[in-house]
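The values are calculated or read from the model by the stated rules, or taken from the named source; none is laboratory data. Since the structure is predicted, the reported quantities are computational estimates derived from the model, not experimental observations. No Cβ is skipped: glycine too gets one built from the backbone with ideal geometry, and neighbour counts run over all protein chains shown. To get the accessible areas, we keep the full protein, side chains included, count just its heavy atoms, and leave off ligands, DNA and RNA. Shrake-Rupley method; radii C 1.70, N 1.55, O 1.52, S 1.80 Å.
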Amino acid sequence: WLGLLGAGVLALLGELLAAAALAGRPLGLALRGGAGLLPLLAACAGAMLCFLPDSLPAYYDEYEVRALNYGPLSMNLPGVRFTNRNWPYIKRAGLWAALALLVGLYPLELALWALFPALPVLACKLLLLLVLLGGLFGAMTAAAVRHDAPPAS
């Protein structure tokens, strides 16, 4: 997964270079508005998921645990019970979503600017942040709900 995320970062760099070349600007000027920061945030989320364990401790299956706690990281998906049955699917969905957002957020930003040139910069960044968070946590929540096991009685 780290290799795929690294390839995604290289693809993002290629997207930034291509956009700068098409606009006739140097890359530093193209990066001035914070372009590429939200996709890099997606890459950081994916890298963080890479270092989480592939299976959870046994107490996640024995008790109804609603948040993942691993060192300094705490992840809470509303309505989701973390178990070893759904954790691999949650992790995989988060990694795929992070990879897709890493590669797709910058073209989405360019499309927003092309379609709505009068859109304020802050509104565009907030919209992209909503897409990032909704895409990442939405994919993980959907995977958790799909593979959730009923609590043991």
message = Given contacts defined as C-alpha pairs under 8 Å and at least six residues apart, what's the relative contact order of region 7-101, whole-number percent?
response = 28
message = Using +1 at the C-beta of Lys and Arg and -1 at the C-beta of Asp and Glu, which of Leu68, Ala114, Cys50 has the Cα lying farthest in the positive direction of the dipole of region 47-153?
response = Ala114
query = Counting Lys and Arg as +1 and Asp and Glu as -1, each charge on the Cβ, what is the dipole of the chain about the Cα centre in debye, to the nearest 20?
reply = 260
remark   = Under the Karplus relation with 6.51, -1.76 and 1.60 and θ = phi - 60°, whole-Hz ³J(HN,Hα) for region 74-90, x at Gly and Pro, equal 9, 10, 10, 10, x, x, 10, 9, 7, 9, 6, 6, 9, 4, x, 6, 4
task = Please arrange Cys124, Cys50 by accessible surface area, largest first, computed with a 1.4 Å probe and ligands excluded.
result = Cys50, Cys124
ask   = In what sequence, largest accessible area first, do Glu109, Glu64 appear using a 1.4 Å probe?
value = Glu64, Glu109
ask   = In whole Hz, what ³J(HN,Hα) sequence does region 128-135 give by Karplus (6.51, -1.76, 1.60; θ = phi - 60°), x for Gly and Pro?
value = 5, 5, 5, 5, 4, 5, x, x
message = Please list 3J(HN,Hα) in residue order for region 105-121, calculated via the Karplus relation 6.51 cos²θ - 1.76 cosθ + 1.60 where θ = phi - 60°; whole Hz, with x for glycine and proline.
response = 5, 5, x, 5, 4, 5, 5, 4, 5, 5, 7, 10, x, 8, 5, x, 4
task = Quick one: order Arg146, Arg81, Arg66 from most to least accessible surface, probe 1.4 Å.
result = Arg146, Arg66, Arg81
request  = Mind checking the full-extension length gain between Leu40 and Leu2? Use 0.36 nm per residue of separation minus the Cα-Cα distance, one decimal, nm.
outcome  = 12.3 nm
task = For region 78-152, give the percent of accessible area contributed by carbon and sulfur heavy atoms, probe 1.4 Å, rounded to a whole number.
result = 76
task = Please work out the average accessible area per residue across the chain, using the 1.4 Å probe convention, and give it in Å².
result = 57
key: Stretchable slack from Leu110 to Cys50, in nm (0.36 nm times residue separation minus alpha-carbon distance)   = 18.7 nm
request  = Please name which of Ala23, Gly3, Val80 has its Cα lying farthest along the dipole of region 1-94 towards the positive end, using unit charges on Cβ (Lys, Arg +1; Asp, Glu -1) and the Cα centre as origin.
outcome  = Ala23
